[in-house]
Every structure is written in structure tokens, then in C-alpha cells.
């Protein structure tokens, strides 16, 4: 595992798209998958998070997690070929440890149907479901939190 760097942006976008395209079919429609995956390539949309966020890459290119701003898990994605192999848990542990070291007492996130079970297994709690839209396509995500310490 290694820290993310601003120059990792193309790799992180590739992992992001792979994760969505290979794992989302169980919980999302083809239109939702397409809209969600296309966010990776929209100019400016993920730039700040990928370049300024604090995160980790697992393995060579198996998955990544980013905290941005400092009290928010903003991204957690693992390639389909690397799912259910411990990468997500290891990435969450690294993010939580980093946050705790910097004095963060509570992390927030918005979880998909895919990431919610892993987060709950690791002690995160659902605050509320949240409907939202991507390119006119409706989604539901879950506002979640974890108290650290």
C-alpha cells in the first residue's frame, strides 16, 4: 500500500471506472452504471478530490481510498478482479488511522449500495438514505458516519 499522489489521477480514474463497470450490475441499472462511470472523464469534476485528497492505493493498482476534505471518505473503489480480497478493508483502515492521527474524531461519507455493507461491517452507521441525480438518472446513496477513537 502506498499514499496517493496528484500524478496518480489517471490511474485512479481507471480504477474508478473498472470498479463501477465490473461490480455495479448487481445493484444498479445499465443507465445508472453508464452515468456513474462517465463522471470519471468529465473535466474538473473529480480533479480536486483526486489531486488534493489524502489517500492510499492498495497493491499495484487494485483499489484506492481518498479522504477529502479531511473528515470525509470521498472515494473507495476496488477493481472487480480485486474485490473481496481485503483491499477495501485495508484501505478503510488506512484512511481511519490517518484521520485519527490528525485528530479527526468523526468521518462522514456517502455510500453506494455496493460499499454500504463493507462500511457497516467496519463499524460505520447509516445516518439517512439520500436520493440524488447523475446526468438526469436517479440514484440513492447512504449518508454514513464513523466515530473514531
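Things worth noting here:
- Top-ranked residue of the stretch 88-128 - restricted to ones that are in a helix (DSSP H, G or I) and under 22 Å from residue 33 (Cα atoms), ranked as modelled with the lowest pLDDT: 88
- The stretch 86-98 - residue that is under 19 Å from residue 117 (Cβ atoms) and in contact with a strand residue (DSSP E or B) (Cβ under 8 Å, 6 or more places away or on another chain) and, of those, surrounded by the fewest Cβ atoms within 10 Å (Cβ to Cβ): 90
- Screening residue 121 with (1) more than 15 Å from residue 14 (Cα to Cα); (2) surrounded by 15 or more Cβ atoms within 10 Å (Cβ to Cβ) gives one miss only, at (2).
- Residues in the stretch 110-127 that are touching a helix residue (DSSP H, G or I) at 6+ places or on another chain (Cβ under 7 Å) and more than 18 Å from residue 23 (Cα to Cα): 1 in all.
- Of all residues in the stretch 48-72, those satisfying the criterion of being in contact (Cβ under 8 Å) with a residue 40 or more places away in the chain and assigned to a strand (DSSP E or B) are 54, 55, 56, 57, 58, 63, 64, 66, 67.
- Selection status of residue 45, outside any loop (DSSP other than H, G, I, E, B) and modelled with pLDDT under 95: no
- The conditions of being farther than 22 Å from residue 91 by Cβ and more than 15 Å from the chain's Cα centre (by Cα) are met by residue 30.
- Filtered residues of the stretch 1-18 (kept if part of a helix (DSSP H, G or I) and touching a helix residue (DSSP H, G or I) at 6+ places or on another chain (Cβ under 7 Å)): 6, 9, 12, 13, 16, 17, 18
- Index of the failed condition, residue 140 passing every other in (1) surrounded by fewer than 20 Cβ atoms within 10 Å (Cβ to Cβ); (2) in contact with a helix residue (DSSP H, G or I) (Cβ under 6 Å, 6 or more places away or on another chain); (3) touching a residue at least 24 places away in the same chain (Cβ under 8 Å): (2)
- Complete set of residues in the stretch 60-79 that are over 19 Å from residue 148 (Cβ atoms) and either within 13 Å of the chain's Cα centre (by Cα) or surrounded by 15 or more Cβ atoms within 10 Å (Cβ to Cβ) (or both): 61, 62, 63, 64, 77, 78, 79
The values are calculated or read from the model by the stated rules, or taken from the named source; none is laboratory data. Remember, it's a predicted structure, so these values are computed and weren't measured experimentally. A quick note on method: Cβ atoms are made from the backbone with ideal geometry, for glycine too, and the neighbour counts reach across all protein chains shown.
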